[in-house]
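So the structure is just underneath, and the comments pick up after that.
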Amino acid sequence: MSPVPGSTEPQGQEQSVGQLLSGVTSDLQTLFRQEVELAKAEIKEEGARAGKAAGMYGGAGFAGYLVLLFLSLAAVLGLANVMDGGWAALIVAAVWAVVAAVLYQKGRARMRAVSPKPEQTVETMKENAEWARHPTR
């Protein structure tokens, strides 16, 4: 039998396709929102790591300031009772220079470990794209 004009059968098929498309669209929107939330979380985590590395740079800067401070104090006081004043000032300055160098190197190493790209989000987006190309696999 051929379909009768005004029959509800073709319209029912259109509704089911429409419902399927609506469901797929809703799922894609949910997936997109979840990926955005994941990216935000990853960026926040990397920001915290970058903040710690920046703190190491700050420590290196403070140690550098102390180098200048101790150079000035050592020059004024001279430590003339123990040794020549100039040599005492150089020893104190050298110790603080080593501290500044160590803090700088640690901060630099931590900054290099920071990844600005949200790795997990990129990986899941690749998986999502692969699924969208071949949903039956």
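Restricting V82, V92 to residues that are without any contact (Cβ under 8 Å) to a residue 40 or more places away in the chain, open to solvent by 70 Å² or more (accessible area, probe 1.4 Å) and either farther than 17 Å from G59 by Cβ or more than 15 Å from the chain's Cα centre (by Cα) (or both) narrows the list to V82. Only one of the listed residues (G51, G23, G55, G61) is part of a helix (DSSP H, G or I) and open to solvent by less than 40 Å² (accessible area, probe 1.4 Å). That residue is G23.
Within the range 64-79, the set of residues being small (G, A, S) and either at pLDDT 80 or above or open to solvent by less than 50 Å² (accessible area, probe 1.4 Å) (or both) comprises G64, A74, G78. Taking only the range 95-124 into account, find how many residues are open to solvent by 50 Å² or more (accessible area, probe 1.4 Å) and touching an Asp or Glu at 6+ places or on another chain (Cβ under 9 Å). Number satisfying all stated conditions: 4. Here is the figure for the range 78-136: residues that are farther than 30 Å from L31 by Cα, aliphatic (A, V, I, L, M) and assigned to a loop (DSSP other than H, G, I, E, B) total 4.
The values are calculated or read from the model by the stated rules, or taken from the named source; none is laboratory data. Fair warning: this is a prediction, and the values are worked out from it, not measured in the lab. As a convention, Cβ positions derive from the backbone with ideal geometry for all residues, glycine included, and neighbour counts pool all protein chains shown. Note: areas computed on protein heavy atoms with side chains; ligands, DNA, RNA excluded. Shrake-Rupley method; radii C 1.70, N 1.55, O 1.52, S 1.80 Å.
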